[in-house]
Every structure is written in structure tokens, then in C-alpha cells.
Amino acid sequence: MSGDDPREEAPETAGITGSESGEPLPDGGAAGADDVALDPWGSSTVSDYRKLFEEFGIEEFDEILEEVPNPHYLMRRGVIFGHRDYRPVAEAMQNDEPAAVLSGFMPTGDPHIGHKLVFDEIIWHQQQGADAYALIADLEANAARGMTWEEIDEHARDYLLSLLALGFDPEEGTLYRQSANRELQDLAFDLGAEANFSEFQSIYGFDGETDVSHMQSVVTQMADILYPQLEEPKPTVIPVGPDQDPHVRLARDLAERMRFFKVSEAYASFELEPEERDLVADFHERLDPADFDDDTLRCTHVAEALEETPLEDLAVDAATLDSVLTKLEEGGMEPLRPRTRFFDRRATEEAFEALIDAIDGEKRVYENHVDAFEIDRDEAEELAREVEVENGGYGFRPPSSIYHRFMTGLTGGKMSSSVPASHISLLDDPEDGYSKVKAATTGGRETAEKQREKGGRADECPVYELYAYLLSGDDDEFAKRVYDECVGGERLCGDCKEQAAQLMKEFLEEHQEKREEVEELLEETDIELESPRRR
Ligand code: TRP
Ligand code: SF4
């Protein structure tokens with residue numbers, strides 16, 4: 001053991017994490033350079049995860065952690081840091097209702113310990129009862145990365161073996177490759193009808209030079225994300241890195257755009273903008289129908305009441321007031337009554353008729369919408385989906401996502417498949433894995449003495465990350481002990497790395513043994529391992 005020098009290499013800042021208060025968190029601070037642009041095909045690094053919440057509306061995972069049954073250690077340790085709309089998935093698993101998990105892998109190189117996070121996330125959801133899907137994004141690898149089919153086949157096999165070795169159950173779950181899944185491609189074609197080039201331009205920065213296959217790989221990914229819902233709509237989670245968030249947002253949009261009906265709330269036959277609706281809702285609440293002729297509150301009454309109220313007392317600007325007044329005056333003597341509206345967006349004629357029939361109680365039918373007076377919003381959403389599915393629509397629920405932190409490269413900076421020393425491949429010779437950890441950058445101090453005095457910087461240490469993300473497995477106490485000992489100055493980097501390197505070696509040995517054991521299992525699955533395409 002090389003002794004006390006806590007620092008074998010300059011500790012290039014590996015990244016920043018920590019809570020808002022600046023207190024270090026024992027959650028492994030993974031990060032890289034400095035931009036927050038989320039680019040699925042760029043070199044994604046994120047220096048400040050907080051920005052993802054503010055700028056992109058990703059929600060903090062911590063806030064729903066308590067609602068998750070038996071949370072995975074990656075969730076408990078903050079490695080899974082964010083989500084979009086994960087609640088329905090957590091709830092479905094909790095209540096033994098249908099739920100699904102899906103993620104995809106571009107077979108561009110060896111699977112490495114970063115991919116293991118995603119494998120583990122899929123497997124954990126499968127163990128919690130979700131239908132699990134893992135796909136090989138071979139079309140994307142070919143179109144966006146220029147991989148040959150031969151390379152793709154080789155790497156695909158390696159991803160699949162690792163996934164199975166880590167515990168994916170192929171009998172319960174589904175494996176496919178994009179190029180061989182006809183249903184998927186049909187869905188992609190359908191979804192393409194709701195997406196256009198300007199949108200791709202603004203989301204992905206595509207331009208006139210972008211080749212069409214690349215665009216096709218985007219709609220294919222959209223289809224991947226919605227694929228688990230082909231049989232029936234269900235809450236679905238897509239575990240990915242935050243670089244994939246643009247895809248998730250687009251898929252959520254497309255899911256919505258494919259729906260037959262849009263459910264909203266209304267007060268009269270005409271449409272109101274959200275701000276206008278809030279204003280009318282407020283007056284509807286305040287005004288008593290008993291104060292008007294035949295005990296009926298009418299559009300014109302609300303218009304009058306609005307006109308008598310000084311603009312300062314209304315929560316809208318003059319233009320909004322003007323437009324709502326015009327609408328109410330045109331409505332005139334039409335009674336003003338809250339209702340649930342089903343707007344016909346994409347329904348067939350039969351589906352629209354079926355919806356009308358299915359609505360119980362008082363209803364009013366217009367050319368492009370139906371208003372229901374005795375159904376609340378949630379019931380209406382459910383009914384709309386039911387009628388859609390019965391009439392040949394998909395009835396998609398917007399897919400949810402969870403985001404894990406990027407791992408810091410072992411050499412500092414970002415973990416990159418193209419820099420072997422920066423990452424550990426799941427196929428690395430265990431001895432090489434050992435050496436890579438031993439050579440890793442740390443968050444240690446210049447001297448052992450200083451380290452004892454000030455403590456190490458576990459939050460900026462790629463080696464600590466290895467402990468938190470992988471080497472401690474489910475053992476939170478062990479991870480915490482490493483952290484506490486490090487920041488408390490009791491742990492020196494030399495020994496710490498020796499221990500991590502040893503654990504890494506054991507992990508790789510065991511994993512590779514399991515990979516051999518599941519070879520046969522892989523042959524039994526029905527995923528095509530060889531592409532029929534031209535090389
Ligand atoms: N684009 C993903 C990547 O670059 C791979 C992928 C394809 C994917 N389809 C997906 C990921 C569906 C999640 C869900 O790795
Ligand atoms: Fe050093 Fe280990 Fe602390 Fe990292 S976690 S700084 S390697 S003691």
C-alpha cells in the first residue's frame with residue numbers, strides 16, 4: 001500500500017454538488033464542465049443540477065422519495081436527483097396497478113459503469129412489478145453516430161449480457177432492437193404526423209444539413225418511449241441521464257397531441273383563455289344567482305359586475321379584461337355555469353359520437369366539443385381515455401422520467417467512452433479496473449497531514465462516487481461511513497483507493513462470471529442478435 005500520500009494526482013475539480021446551504025451531502029457529487037445545455041448527441045455535462053430545476057422544470061427527486069415503495073439506493077443517495085411526473089408510476093407500483101419502465105442503449109461502445117446505473121434502474125422497477133423494456137437503439141447508432149451494423153451487433157450483445165447479468169428477467173420483460181421492431185416503426189410513423197421540422201430545429205438545433213435518418217431516429221425514440229403503452233395506456237417511467245430530457249419533453253408533448261379529446265373546464269359555450277377563465281371562475285363564485293332574474297346567473301351579469309370593478313382590483317391586465325368582456329357580452333343571456341368540456345381534437349366521427357353517448361347526466365353538444373355538467377375533471381379524463389381506446393386510439397398517458405447524475409471521470413472532468421482511463425467498462429479486465437481506480441483523481445488534500453486536519457473532499461471525489469454509485473451496493477451505512485471518515489480526516493486516499501480498487505476488481509470478476517452464465521439465457525430471448533442489414 002503506497003502509504004500516506006493522500007493525493008496521487010492533481011485533484012482537478014471533479015464537480016460540484018452539495019445542498020443549497022453549501023453543506024456537503026453524502027450523495028456523491030457527480031458533475032463535469034460548465035454548461036447546462038441539454039444535448040442528446042453532444043458532450044453533456046452538467047455543473048449545476050439546480051439549474052435543471054429552474055431552467056427546464058425538472059422536479060427534485062427528494063420531494064417524492066417518501067412516496068416511493070422500497071426506494072433504490074440510487075434514489076436514497078441522491079444519484080437519481082430529478083424526475084418529471086414520477087408520482088403516477090410510484091403510485092401504480094404501490095397499488096399493484098399496471099406500470100412500465102423503459103430505457104434504450106445506443107450500442108456505440110462497451111457498456112460501462114455509467115450504463116450500469118440505467119440497467120439497475122430498469123431492473124429495480126421490474127422487481128417492483130413494472131413491465132420492463134430495454135431496447136437497443138441501433139437505428140440511432142447508425143444514423144446519429146455512423147456505426148456499422150457489424151459494430152452495432154457486437155456492442156448490442158455486450159449491453160444485453162450485462163443487463164441480464166445484473167438481474168433483468170427476460171421472461172417477464174421485453175427486449176428489442178429498433179431496426180427489427182415493425183410495430184415500433186409503425187408507431188414512429190404515426191407520431192411523425194404530429195411533429196414537424198421547425199420543432200426539431202428548435203428542440204435539437206437541427207438545420208438544413210441534418211440528414212433525414214437522424215430525424216427518423218428521433219421519431220423512433222419517441223415511439224420507444226410510448227411503446228409500453230401500445231397495449232394499454234399506463235404510467236411509464238424512462239430512466240435516463242438529463243441529456244435525454246429534450247426527448248422526454250417532446251414525447252410528453254406528442255403523447256398529448258395524439259389524444260382524441262382534450263378535457264378542460266369552461267363556463268359557457270365559448271372558450272376562455274386560462275387567465276380569463278380564472279377571472280370568470282372568481283366572479284362565478286362571488287355572485288349569487290338569487291340576486292338575478294329567474295335565479296340565473298348569465299354572461300351579461302358577470303360582464304356588468306366586471307365593469308363595475310376597478311381594474312386594480314382584478315388580477316389581469318387591461319387587454320385580458322377587454323377580451324373577456326367582449327366574450328361575455330357576446331354570450332349575453334346565456335347562463336353562466338361551470339362544466340367540463342371535451343374538446344374534439346383528433347377523434348374520428350364514431351369516437352366523438354361514442355363519447356357523447358358515454359357522458360352521463362346533463363350534457364350539451366356543439367360542433368367541436370361536448371360540455372358535461374355532472375362529471376368532474378378526473379372522471380372526464382378517465383372517460384375520454386376509455387372512449388379513445390375503445391375506438392382505436394392510443395389514449396397515451398404522458399410518459400414520466402427519472403434522471404441520474406452523470407458520473408465524474410476517474411481522471412477528473414467528464415466520464416467519456418472515448419477516454420478509457422476515465423471510465424471503467426463492464427468488460428475491463430478486473431486487474432485493469434483495479435489499476436484505473438488506483439490511478440484515479442481524488443478529492444484529497446496535498447498532504448496526509450493536511451488531510452487529517454481538514455478532511456478530504458468526498459463531494460468532489462470520483463473515488464467516493466464509485467463507493468456511492470456502485471461499490472457500496474445497497475449498504476447505506478458503508479457508504480456513509482466512507483463519507484464521514486473521509487470528510488472527518490480519518491480516511492486517507494491511499495487506503496481508500498486500495499479498498500475501492502479491490503471492490504471494483506471483485507465486482508468486475510463477479511459481473512463477468514455472471515455474463516458468461518447468462519449467455520444461454522440471451523440466446524433464448526427473442527431479440528435479434530444479428531442485423532440482416534448490409535454492412
Ligand atoms: N437516445 C438514447 C441514447 O443516446 C438511446 C435511446 C433510444 C433511448 N431510445 C430510447 C433512451 C428510449 C431512453 C428511451 O442513449
Ligand atoms: Fe480520498 Fe477516499 Fe476521501 Fe476520495 S473519498 S478524498 S479517495 S479519502
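Values in this text are rule-based calculations from the coordinates and carry no lab data. A quick note: this is a predicted structure, and the numbers were derived from the prediction, not measured. As a convention, Cβ positions derive from the backbone with ideal geometry for all residues, glycine included, and neighbour counts pool all protein chains shown.
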Projected onto the charge dipole of the chain (unit charges on the beta-carbon of Lys, Arg, Asp and Glu, signs +1, +1, -1, -1), the Cα from Pro88, Ala268, Pro338 with the largest positive-side position is that of Pro88
Residues of segment 363-396 with backbone N under 13 Å of the label point set 7 Å from the Cα of Glu271 along Cα→Cβ are 367-370
Contact order relative to length for the chain, counting C-alpha pairs under 8 Å separated by 6 or more residues, stands in percent at 24
Cα pairs beyond 24 Å in segment 420-524, in percent, come to 29
With only helices counted (DSSP H, runs n ≥ 4, each -39500 (n - 2.57)), the per-residue ellipticity at 222 nm for the chain, to the nearest 500, works out to -13000 deg cm²/dmol
Magnitude of the Cβ-charge dipole (Lys and Arg +1, Asp and Glu -1) of the chain about the Cα centre, nearest 20 debye, reported as 1880
Sorting Ala251, Ser162, Gly395 by the position of each Cα along the dipole of the chain (Lys, Arg +1; Asp, Glu -1; all at Cβ), the one nearest the positive end of that ordering is Ser162
Counting only DSSP loop positions in segment 186-223, the GluC sites (Glu not before Pro) whose Cβ has at most 12 other Cβ atoms within 10 Å are Glu209
Contour minus Cα-Cα span, Arg534 to Asp322, at 0.36 nm per residue, comes to 69.9 nm
With the dipole of segment 262-390 defined by +1 on each Lys or Arg Cβ and -1 on each Asp or Glu Cβ, the option from Thr296, Thr326, Pro310 whose Cα lies farthest towards the positive pole is Thr326
Taking every DSSP bridge whose two residues both lie in the chain, the antiparallel percent to the nearest 5 is 60
With DSSP loop assignment and no more than 15 other C-beta atoms within 10 Å, the GluC sites (Glu not before Pro) in segment 138-183 are Glu171, Glu172
Given unit charges at Cβ for Lys, Arg (+) and Asp, Glu (-), the dipole magnitude of segment 163-281 about its Cα centre in debye, nearest 20, is 200
For segment 221-374, the dipole about the Cα centre with charges only on Cβ (Lys and Arg +1, Asp and Glu -1), to the nearest 20 debye, works out at 940
As straight-line cross-link partners of Lys514, the qualifying lysines (C-alpha separation under 24 Å, not fewer than 8 residues apart within one chain) are Lys116, Lys436, Lys505
